[in-house]
């Protein structure tokens, strides 16, 4: 139903979900079954997923915070994709050295911006002059936000000059 939605964002999400299921069926040795039934007595989609997982002894895989909590309350096995992504991200600590490629201007004066492979943004103070170059930096701080993690750093060259 979502893949046929009149809402463009919902439709795109639904189609992406179907594409991913297709790839799982073709590329991985995982059995994918499509459940054609419905729970007419339940209106809420999350509740239907929880009931289906209970009936099939399945696991819910989600990045939805509320669905994750409902599964925990209902004693349904759940894998939170955000927790998994955070678990495999490298730990970065202040004082650590990194080699990065500065790719663009930052928001503040004279900042440069780089990214780790996992998409984590690195804000490089005094990094504007290094855009397009690989440089060694020293991590000055790490900020965890609801949108993810940001790393602040300064060029190691500046540290040597001090």
**Label-point separation, residue 5 to residue 33 (7 Å along Cα→Cβ), nm** = 2.7 nm
**Request:** For the chain, give the share of DSSP beta bridges that are antiparallel, in percent and rounded to the nearest 5; count only bridges with both residues there.
**Result:** 75 percent
**Item:** Computed label-point distance, nm, for sites residue 129 and residue 87 using a 7 Å Cα→Cβ extension
**Value:** 4.5 nm
**Complete:** Helix-only [θ] at 222 nm, the chain, -39500 (n - 2.57) per DSSP H run of 4+, per residue, nearest 500, equals -10500 deg cm²/dmol
**Message:** Just to be sure I understand: with springs between alpha-carbon atoms less than 10 Å apart, which residue in 34, 81, 100 has the highest mean-square fluctuation in the Gaussian network model of the chain?
**Reply:** 34
**Item:** Degrees between helix 8-27 axis and first principal axis of the chain (Cα, 0 to 90, nearest 10)
**Value:** 80 degrees
**Item:** Rel. contact order, % - alpha carbon contacts under 8 angstrom, at least six apart, the chain
**Value:** 13 percent
**Prompt:** Which label belongs to the value computed from this structure, given these candidates for Cα Rg over 2.2 N^0.38 Å: [x] 1.12; [y] 1.45; [z] 1.02?
**Reply:** [y]
**Asked** How would you rank 70-76, 119-125, 41-47, highest first, on the average number of other Cβ atoms within 10 Å across their residues?
**Response** 119-125, 70-76, 41-47
**Prompt:** Going by the alpha-carbon gyration tensor, a ≥ b ≥ c the square roots of its eigenvalues, is segment 2-87 rounded (a/c under 1.5) or, if a/c is not under 1.5, prolate (a/b greater than b/c) versus oblate?
**Reply:** rounded
**Message:** Can you tell me the orientation of helix 45-56 relative to the chain, as the angle in degrees between its alpha-carbon axis and the longest Cα principal axis, to the nearest 10?
**Reply:** 70 degrees
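Throughout, read-outs are computed from the coordinates displayed, never taken from laboratory work. Since this is a predicted model, take the numbers as computed values, not measurements. FYI the Cβ positions are ideal-geometry reconstructions off the backbone, even for glycines, and counts take in every protein chain you see.
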